[in-house]
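In what follows, a structure is listed as structure tokens, so that the remarks can point back to it.
The values are calculated or read from the model by the stated rules, or taken from the named source; none is laboratory data. Since we're looking at a predicted model, the values are computed, not measured. Neighbour counts run over all protein chains shown; Cβ positions are idealised from the backbone, glycine included. Calculation scope for accessible area: heavy atoms of the full protein, side chains included, ligands and nucleic acids excluded. Shrake-Rupley method; radii C 1.70, N 1.55, O 1.52, S 1.80 Å.
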Amino acid sequence: MRAVAARFSNYLCKRRPVISVQSRNFSSYSGKDELSIEQEAERKVGWLLKTIFFATAAAAGYQFFPYMGENLMQQSVSLLRVRDPLYKRMGASRLTRFAIDDERRMKILEMGGAEELLNMLSTAKDDRTRKAALEALAALSQSDKVLASLHNAGAISIIRSAPNSLEDAEVEKFKLSLLKRFQDLRYDLSS
């Protein structure tokens, strides 16, 4: 590094370097030591820069792409409150993917997702929106506590009142599976 600096300063200043021969003869310091120290310093600085880069990338990724976190679940429940059926379907689809264990199903229930899905089902005007709502409700109904909450919210009557689809047989399949789940836990299906 010193050699490069000396050459650079010589290039800029256009003068001959002054070399003290006598001091070099009595010094125990050699050029090989200088090169190894410089290489080690460059390696350490390289690792430091790499670490800073990856930490920055991880922090930015956590801010911009919060996968499977509460923030994304809350956004999905918020999508159910929008008037546009496309956004409602997107929110219901996300909630279907999040509802993989009882803890997450209960979190969705606490955020108001089950009630919003029932509202979505009752106001749906097309088969795709009904199908997305029924699919999300079927995923949530795998938890007994969520199913009890759905029953208390009047889900049976809303599910029964949803029109059958002439084009999509999965709507009927989800309706029947939900009603069967209520029946398996001995909820009154006449309500």
Quick check on Lys131: is it farther than 25 Å from Leu72 by Cα and crowded, with 19+ Cβ neighbours inside 10 Å?
no
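Residue-by-condition table, conditions (1) over 19 Å from Thr96 (Cα atoms); (2) polar (S, T, N, Q); (3) at pLDDT 90 or above:
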| site | (1), (2), (3) |
| --- | --- |
| Thr129 | no, yes, yes |
| Ala132 | no, no, yes |
| Glu167 | yes, no, no |
| Gln183 | yes, yes, no |
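Matching residues to (1) at pLDDT below 90; (2) among the small types (Gly, Ala, Ser); (3) open to solvent by 100 Å² or more (accessible area, probe 1.4 Å); (4) assigned to a helix (DSSP H, G or I):
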position	(1), (2), (3), (4)
Val45	yes, no, no, yes
Ala57	yes, yes, no, yes
Met73	yes, no, no, yes
Arg81	no, no, yes, no
Taking the range 137-154 and keeping residues part of a loop (DSSP other than H, G, I, E, B) and open to solvent by 10 Å² or more (accessible area, probe 1.4 Å) leaves Gln142, Ala153, Gly154
Out of curiosity, is Leu118 within 20 Å of Lys173 (Cα to Cα) and not charged (D, E, K, R)?
yes
Taking Ser93 as the residue in question, decide whether it is in a loop (DSSP other than H, G, I, E, B) and among the hydroxyl-bearing types (Ser, Thr, Tyr).
no
If I ask for residues that are surrounded by 10 or more Cβ atoms within 10 Å (Cβ to Cβ) and modelled with pLDDT under 55, which ones from the range 16-43 would you list?
Arg24
Go through the range 155-188 and report how many residues are exposed (fewer than 14 other Cβ atoms within 10 Å of the Cβ) and not in a helix (DSSP H, G or I).
7
Within the range 115-136, count every residue that is assigned to a helix (DSSP H, G or I), in contact (Cβ under 8 Å) with a residue 40 or more places away in the chain and not β-branched (Val, Ile, Thr).
13
